[in-house]
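Asks: I'd like to ask some things about the structure below.
The values are calculated or read from the model by the stated rules, or taken from the named source; none is laboratory data. Every value quoted in this text rests on a predicted model; they were computed, and no experiment measured them. Counting neighbours? That spans all protein chains shown, and the Cβs are built from the backbone with ideal geometry, glycine included. What goes into the accessible areas is simple: the full protein's heavy atoms, side chains included, and nothing from ligands, DNA or RNA. Shrake-Rupley method; radii C 1.70, N 1.55, O 1.52, S 1.80 Å.
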Amino acid sequence: DALIEKQISVRLCKGAYKEASSIAYQSMDDIRQNFLTLAFKLLKEGHLPAIATHDEYLLAEILSFISKEKIDPDSFYFEMLYGVGRDLQKILLAKGFQVRIYTPFGNAWLPYTLRRLMEKRKICCL
């Protein structure tokens, strides 16, 4: 809320780390519901938020919300990992959405990329 109030752009990303239950949701249903709650708030009230996910369930829910609420496609970005979900990226672009592609770098780029690929494999596609 404070970041929205100060018009700071927020990047919302569903992480691929296994965190303790004391600080993170554990079930995919809880994770997805929280992500959607935050995404919807950012899309309605945020300043150029970035919605970073390859999860097709989340994307379908977000696209439905955007349509229902008549959210301007220029008021936010979708973000996806380079080389992952290229078909999704093309579909979003064809629908008129802004898509940012990111590439991990630094010493831990490989473990990060492998975690993302493993997460993608576990996602139930629509």
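Asks: Residue pairs, Cβ under 7 Å, 6 or more apart or interchain, first in the stretch 80-93 and under 16 Å from Leu58 (Cβ atoms), second of a type in the set (Phe, Trp, Tyr) and open to solvent by less than 100 Å² (accessible area, probe 1.4 Å). List them.
Replies: If the second residue must be of a type in the set (Phe, Trp, Tyr) and open to solvent by less than 100 Å² (accessible area, probe 1.4 Å), the pairs left are Leu81/Tyr102; Leu92/Phe78.
Asks: Could you list, in sequence order, all residues of the stretch 34-56 that are open to solvent by 40 Å² or more (accessible area, probe 1.4 Å) and among the aromatic types (Phe, Trp, Tyr)?
Replies: Phe40
Asks: Of the residues that sit in the stretch 1-28 and are part of a helix (DSSP H, G or I) and not small (Gly, Ala, Ser), which one is least open to solvent (accessible area, probe 1.4 Å)?
Replies: So, considering only residues that are part of a helix (DSSP H, G or I) and not small (Gly, Ala, Ser), the one least open to solvent (accessible area, probe 1.4 Å) is Ile4.
Asks: Specify which of the listed residues (Ile91, Ile66, Ile31) is open to solvent by less than 40 Å² (accessible area, probe 1.4 Å), part of a helix (DSSP H, G or I) and among the β-branched types (Val, Ile, Thr). Break it down into steps so the answer makes sense when it comes.
Replies: Numbers: Ile91 fails: open to solvent by less than 40 Å² (accessible area, probe 1.4 Å); Ile31 fails: open to solvent by less than 40 Å² (accessible area, probe 1.4 Å).
After ruling out the rest, the residue left standing is Ile66.
Asks: Out of Tyr82, Tyr102, which single residue is open to solvent by 70 Å² or more (accessible area, probe 1.4 Å) and at pLDDT below 95? Walk me through how you get there before you give the answer.
Replies: Numbers: Tyr102 fails: open to solvent by 70 Å² or more (accessible area, probe 1.4 Å).
Step by step, each of Tyr82, Tyr102 is checked, and only Tyr82 is open to solvent by 70 Å² or more (accessible area, probe 1.4 Å) and at pLDDT below 95.
Asks: Criterion first (closer than 24 Å to Leu117 by Cα, free of Cβ contacts under 8 Å to residues at least 24 places away in the same chain and open to solvent by 70 Å² or more (accessible area, probe 1.4 Å)) does Glu61 satisfy it? Break it down stepwise before answering.
Replies: Details: closer than 24 Å to Leu117 by Cα: yes; free of Cβ contacts under 8 Å to residues at least 24 places away in the same chain: no; open to solvent by 70 Å² or more (accessible area, probe 1.4 Å): yes.
Here the answer is no, as Glu61 does not meet what is asked.
Asks: Does Asp74 count as surrounded by fewer than 12 Cβ atoms within 10 Å (Cβ to Cβ) and in contact (Cβ under 8 Å) with a residue 24 or more places away in the chain? Lay out the reasoning, then the answer.
Replies: On the way: surrounded by fewer than 12 Cβ atoms within 10 Å (Cβ to Cβ): yes; in contact (Cβ under 8 Å) with a residue 24 or more places away in the chain: yes.
So Asp74 passes the test.
Asks: Now, a different point. Is it the case, given these coordinates, that Phe97 is modelled with pLDDT of 90 or more, in a loop (DSSP other than H, G, I, E, B) and crowded, with 16+ Cβ neighbours inside 10 Å? Walk me through it before giving the result.
Replies: Values: modelled with pLDDT of 90 or more: yes; in a loop (DSSP other than H, G, I, E, B): yes; crowded, with 16+ Cβ neighbours inside 10 Å: yes.
It is true that Phe97 is modelled with pLDDT of 90 or more, in a loop (DSSP other than H, G, I, E, B) and crowded, with 16+ Cβ neighbours inside 10 Å.
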